[in-house]
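The values are calculated or read from the model by the stated rules, or taken from the named source; none is laboratory data. All figures in this text were calculated on a predicted structure; none of them were measured in a lab. As a convention, Cβ positions derive from the backbone with ideal geometry for all residues, glycine included, and neighbour counts pool all protein chains shown.
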């Protein structure tokens, strides 16, 4: 629940078009930066993105699952980690698990946590053992990801869906006044989703600490 | 989710319907047409009608409608909080938002359930940088290599008391250890795959197949339906415009 698969037709067109363009630009930039990499980086990208898909099959209740983005970000680094997030979101979108048009935004939200993971891990590693350092990177990276989602929803605004809706005399959605004390749609979403993503961040942190701690014991040379 | 990918892959590889025989490019055009209607459509009737059409298409492709519908319902589950936060007291707003999510998702499921992955990823790889296009192929391929290993790991964890359900932190640490083993297994597999690619003379592009653009008369089906959906969405948008 530290990321969300936004569906097609929910966000305004200019927003998801901007998301696609920004993601395309970042993918082009990362591909250029890694153009001279050996092909084993490519096979590692594919393998770890596959583990990310497998980890997402671990359920966390009815509307959540692991993202595994922090671990993949730590192991691959910001550039290839972002590409892994794009690849995973593309495959999920093709399976109907998140929209095709909003692939860019979903990738940016998940990718934000992936990109932040390795620098945060390195910073935390100066003070902590690998496991706790991974947990720290996971929590802060997860918060970055959640903040990116909130920015997307704030940009979408209250009329984001483009659906004709009932409004009161102040232009607020009618039920918002009665049910949520006049909160904006974004604030309502934050209030509704906060318990889920807080739990998600905690679970992701424990799992990330365990995975990185295991790798540090067995194959420490794989860690940055 | 793991079993979903395997299920969809089996549907795509084993079917012989008209949808399976149509080219990937014409089916991508059909999905683009449906997404146009999803993005522009504001009428629950239009979106419900397209969803019904997609279910008929799935049935005509001999894809089990129940499991396919379940797959397509995922985004509704995920979008429920978003839809609730946007609820304005009318039934139209949640209906349109949920139908948009369902329609887009059904179109995606029809596409992947009738198109083998090399044909599906090849046109995408043509327009994306090499790292991303090849990353899609290798991820999908690696996922199937990982599937049985992951299932064995979860079974072993359950049988050996690693997932008791009595202590969440303890269970999560064991899940982490299991995932750590999968990461190491994947790392070793990636090194072996790299060695194989080198031996076979890797040229810098993983897939060069051309089936995806092999047009036949059957392509009229997705192309015609896609055009009809776009025309209907445009006509309704014009009729509803002030």
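Here is a check on your reading of the model: is residue B:158 touching a residue at least 12 places away in the same chain (Cβ under 8 Å), surrounded by fewer than 19 Cβ atoms within 10 Å (Cβ to Cβ) and over 21 Å from residue B:12 (Cβ atoms)? It is false that residue B:158 is touching a residue at least 12 places away in the same chain (Cβ under 8 Å), surrounded by fewer than 19 Cβ atoms within 10 Å (Cβ to Cβ) and over 21 Å from residue B:12 (Cβ atoms). Number of residues in the range B:85-99 that are surrounded by fewer than 18 Cβ atoms within 10 Å (Cβ to Cβ) and at the interface with chain A (Cβ under 7 Å from one of its Cβ atoms): the value is 3. Got at least one residue in the range A:41-56 being surrounded by fewer than 24 Cβ atoms within 10 Å (Cβ to Cβ) and assigned to a helix (DSSP H, G or I)? Yes, because at least one residue in the range A:41-56 is surrounded by fewer than 24 Cβ atoms within 10 Å (Cβ to Cβ) and assigned to a helix (DSSP H, G or I). Residue B:132 fulfils the conditions (1) within 11 Å of chain A (Cβ to nearest Cβ); (2) outside any helix (DSSP H, G or I) except for a single criterion, (2). Could we say that residue A:88 is touching a residue at least 24 places away in the same chain (Cβ under 8 Å), within 19 Å of residue A:42 (Cα to Cα), part of a helix (DSSP H, G or I) and away from chain B (no Cβ under 14 Å) here? No, not satisfied. Just so you know, in the range B:44-56 the residues that are in contact (Cβ under 8 Å) with a residue 60 or more places away in the chain and buried (at least 22 other Cβ atoms within 10 Å of the Cβ) include one that is nearest to residue B:19 (Cα to Cα), and it is B:50.
Collect the residues in the range B:62-77 that are over 15 Å from the mean Cα position of the chain (by Cα) and buried (at least 21 other Cβ atoms within 10 Å of the Cβ), keeping them in residue-number order. Result: no residue meets the conditions.
Pairing each residue of the range B:183-200 that is at negative phi with any residue that is assigned to a loop (DSSP other than H, G, I, E, B), provided the two are 6+ apart or on different chains, yields C-beta distances under 8 Å for B:184/A:219; B:187/A:219; B:194/A:38.
Taking the criterion of being assigned to a helix (DSSP H, G or I) and at pLDDT 80 or above, would at least one residue in the range A:155-171 satisfy it? Among the residues of the range A:155-171, at least one is assigned to a helix (DSSP H, G or I) and at pLDDT 80 or above, which makes the answer yes. Looking only at residues that are within 14 Å of chain B (Cβ to nearest Cβ) and more than 21 Å from residue B:140 (Cα to Cα) in the range A:103-116, which one is farthest from the chain's Cα centre (by Cα)? Taking the candidates together, the pick is A:105.
Has the range B:196-208 got at least one residue that is loosely packed, with under 11 Cβ neighbours inside 10 Å and either within 24 Å of the chain's Cα centre (by Cα) or modelled with pLDDT of 90 or more (or both)? Within the range B:196-208, one or more residues are loosely packed, with under 11 Cβ neighbours inside 10 Å and either within 24 Å of the chain's Cα centre (by Cα) or modelled with pLDDT of 90 or more (or both). Answer with yes or no whether residue B:35 is within 30 Å of residue B:239 (Cα to Cα), more than 18 Å from the chain's Cα centre (by Cα) and in the same structural domain as residue B:221 (by TED's automatic domain parsing). Against the criterion (within 30 Å of residue B:239 (Cα to Cα), more than 18 Å from the chain's Cα centre (by Cα) and in the same structural domain as residue B:221 (by TED's automatic domain parsing)), residue B:35 does not qualify.
The residues in the range B:74-89 that are over 18 Å from residue A:191 (Cβ atoms) and out of contact with any helix residue (DSSP H, G or I) (no Cβ under 8 Å at 6 or more places or on another chain) can be counted, and the count is 1. Condition first: modelled with pLDDT under 85 and in a loop (DSSP other than H, G, I, E, B). Can you find one or more residues in the range B:76-86 that meet it? Yes, there is a match, as at least one residue in the range B:76-86 is modelled with pLDDT under 85 and in a loop (DSSP other than H, G, I, E, B).
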